[in-house]
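Quick notes on the structure that follows.
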Amino acid sequence: MKKILTACLLLCSLHVFSQTGNPVAGQLLPAVVSLKTTGTGYFTIPANAVIRASGGEEVIAVAKLFSLALNHSATYKTTVTGGTASSGIRFVIDKSGSDVKGAYKLSVSATGIVVSAKEPAGLFYGLQTLLQLLPPAIETTGRTSTTWKLSRVEITDAPRFAWRGLMLDVARHFFTVAEVKLFIDQMAKYKFNVLHWHLADDQGWRIEIKSLPRLTEIGAWRPEKTGTFGDMSVPSPDEPKTYGGFYTHEQIRDVVAYARTRFVDIVPEIDVPGHSMAALAAFPNLACIPGVKAPSAGDKFMEWPASGHFYGLVDNSLCPANEEVYVFLDKVFTEVAQLFPFEYIHMGGDETARNFWEKSDAIKALMQKENLKNLDEVQAYFVKRVAKIIAAKGKKMIGWDEIMDGGLAENAAVMSWRGLKKGADAAKDKHYVVMTPTDFVYLDYMQSDVSMEPPVYASLRLHKTYQFEPMPEGVEAKYILGGQGNLWTEQVYNFRQVQYMVWPRSFAIAEVLWSPAAPRNWNGFVKRVETQFVRLDSAQVKYSPAIYDADIIVKGDSNQLLLDFKPEIEDLNLHYSFDNSYPDQFYPVYKETLKVPRDASLLRVISYRGKKPIGRMMSVPVKDLKKRL
Ligand code: ACM
């Protein structure tokens, strides 16, 4: 017994060492379940390698992705063929492999590479790990002259959660099919498998509904605005509506098929009954307007708020008391269900403005007829009717956690965004849950000091995202499907900024959702993030360097302002100036609380690693710092 224990202690510690001290393990993100190096040598991939794929068309497709990547090197002309062999590069379906969906094994030996899994998805994830074992040049979109060689390793890996999602809001700003595909490519590299496509909101309806062409003729277009969301000028009635776009059925089928090749499912979201101004612009008859029986475009169905509000506090919503609304939604969800093979459809349900409902006689009559005690129950009535429509199309319904208010529809799944508790409560009631709490995974929040970012009302640093724990205590694990990061795009005007907002915080989300729960090691994670930065550079994908920017913490009073700089990572020197000049490594370095000189008007601070500038030059007027007191 003692021997067994000693052996286990030895092996277990070796295992831990291999995960933390091993240079190969040190580069993989998300971290793998188990990795062993099996020798000091390398396997060099022959320039004319024939890659074997055994197990059907999908396996061949995965192997071809590998071949395509290798052939970016000028000397490489690899090919793919069916069947297997006793050496060389092999992708193999192994029916005796792990049952966990997405699990795989990867072995690199002196004689070849074997990726094996029970299902093609596992082979795809094995391929992503394999690519990360190769130099960053493998990520290039152009040509390279690299010779591909890898360390010898044995990897066994499987995901912790089944739902590993990212949400992209294409309603506030529109992103093209090519951009959405790029988004899918990037997320799949880090083993995400659900794209939540937020297709309809107040600022735009982005999906063609053939039976309701007005939806996109009217609802997909708005006046073009550039500036700070919530602080824009109110559009005049005759302002040209030149900004927008939508996806045709053909384009959606194309994106769905593309996502399939990356083992990404797409959950489409049609956000109702709130966040529906684009639909109401096309069909004002679907709103309830107090005193108006049959609203039309000429009726006042929305009041623009005074500038400065994040949202129109007086927005209208679809009217639950109007039977035409359900006819409309039946048409919409019929086409949505036909276009998206994924089992879930998302019906939104969040942040419904009810100010028009409050004053509506039609709503009062509905409450009487259906014995609804308050507006929560009115909304729950609506949600339950939508659930029936979606179920009739053969789909499961998921919605934001407001769908729990007033009583949750049978079988509905919940996306918990206002913290984790709503999700925990839903799971205790045996509803499936996806955790996506604002505090940890809202990718629209600022990730650096406020002086460095497009202004948004909240901040979320990388280290906070890395603390995300989707599994609450005291719930049956099977009800927590997984988690998701959400990118709302009010302040995201272009696709480069999409990438900037997504990376590196989605590295943290990827790791939380894929890798074993414990132990998390922030410093080790940061090293791996920096390894990925080099790969993103190679792929020409933008990311935020916010981990190198200090948080500026203001104390004292307006007579004597005091500053502290809080770096997110350990090994940085923060050099600063108050004399309007640009600091470098010869300038003072922050060690303790600084007194701002009496007449200083500008703080500048930049981080160095050794002699190398690594952060961005931060320039903050002292008058702005005083406002933070
Ligand atoms: C949400 O952020 N309104 C779901």
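Miscellaneous remarks
- Building the convex hull from the alpha-carbon atoms of the range 428-508 and averaging its projection over directions returns 6.0 nm².
- Computed over neighbours whose Cβ is under 9 Å from that of Gly482, the net charge equals +2, Lys and Arg +1, Asp and Glu -1.
- Accessible surface of the range 102-144 [probe 1.4 Å, protein heavy atoms]: carbon and sulfur percent: 58 percent
- Across the protein chains, with a 1.4 Å probe defining accessible surface, the residues Met187, Met232 rank Met232, Met187 from largest area downward.
- Mean Cβ neighbour count within 10 Å, used as a protection proxy, ranking 457-465, 191-199 highest first: 191-199, 457-465
- Net charge dipole, the range 34-135: roughly 140 debye, given to the nearest 20, about the Cα centre with Cβ charges of +1 for Lys and Arg and -1 for Asp and Glu.
- Note on Asp361: accessible area approximately 110 square angstrom, rounded to 10, probe 1.4 Å, nucleic acids and ligands left out.
- Gain on full extension, evaluated as 0.36 nm per residue between Thr111 and Ala162 minus their Cα-Cα distance, stands at 15.0 nm.
- Compactness index (Cα Rg / 2.2 N^0.38 Å), the range 380-449: 1.23
- Contact order, relative form, for the chain: 11 percent (alpha carbon pairs under 8 Å, 6 or more residues apart, mean separation divided by residue count).
- The mean sequence separation of alpha-carbon pairs under 8 Å and at least six residues apart, normalised by the residue count of the range 574-613, gives a relative contact order of 51 percent.
- Dipole of the chain computed with +1 at Lys/Arg Cβ and -1 at Asp/Glu Cβ about the Cα centre; of Gly244, Ala510, Phe174, farthest Cα towards the positive end is Ala510.
- Rounded to the nearest 20 debye, dipole of the chain from Cβ charges on Lys, Arg, Asp, Glu: 2160 debye
- Among the GluC sites (Glu not before Pro) in the range 195-256, those placed in a DSSP loop whose Cβ has at most 12 other Cβ atoms within 10 Å are Glu224.
- Between Asp624 and Gln585, the FRET efficiency from the beta-carbon distance, with R0 = 30 Å, is close to 0.70.
- Three-way shape call for the chain based on the alpha-carbon gyration tensor, with the a/c threshold at 1.5: oblate
- Simple spin-label estimate for Thr84 and Thr261 in nanometres, 7 Å along Cα-Cβ: 2.6 nm
- Structural descriptor for the range 80-220: relative contact order 18 percent, calculated from alpha carbon pairs under 8 angstrom and at least 6 residues apart.
- Rounded FRET efficiency, nearest 0.05, which uses the C-beta distance separating Thr141 from Gln251 and R0 of 25 Å: 0.65
- Radius of gyration and Dmax over the Cα atoms of the range 192-298, both given in Å: 16.1, 53
- Per residue accessible area in Å² of the chain, where ligands, DNA and RNA are left out and the probe is 1.4 Å: 43 Å²
- Shape class for the range 31-115: oblate, because the ratio a/c of the largest to smallest gyration tensor axis (alpha-carbon atoms, square roots of eigenvalues) is 1.5 or more and b/c is at least a/b.
- Accessible carbon and sulfur surface of the range 330-412 relative to its total accessible area, %, 1.4 Å: 47 percent
- Reach of Lys591 by Cα under 20 Å, taken over lysines that are not fewer than 8 positions away in the same chain: Lys555, Lys566, Lys611, Lys612
- In degrees, nearest ten, helix 505-514 long axis to first principal axis of the chain (Cα): 70 degrees
- Near Ile345: Cβ cut-off under 13 Å, other residues only, Lys/Arg at +1 and Asp/Glu at -1. The net charge is -2.
- Acute angle (nearest 10 degrees) that the helix 522-539 long axis makes with the longest principal axis of the chain, alpha-carbon atoms: 80 degrees
- Relative to the longest principal axis of the Cα atoms of the chain, the long axis of helix 120-133 makes an angle of roughly 60 degrees.
- For the range 329-451, the square roots a ≥ b ≥ c of the C-alpha gyration tensor eigenvalues yield an a/c of 1.5 or more together with a/b not exceeding b/c, which makes the shape oblate.
The values are calculated or read from the model by the stated rules, or taken from the named source; none is laboratory data. Keep in mind that this is a model prediction, so the values were computed, not measured. Please note: Cβ atoms are built from the backbone with ideal geometry, for glycine as well, and neighbour counts cover all protein chains shown. These accessible areas exclude ligands, DNA and RNA; they are computed on the full protein's heavy atoms, side chains included. Shrake-Rupley method; radii C 1.70, N 1.55, O 1.52, S 1.80 Å.
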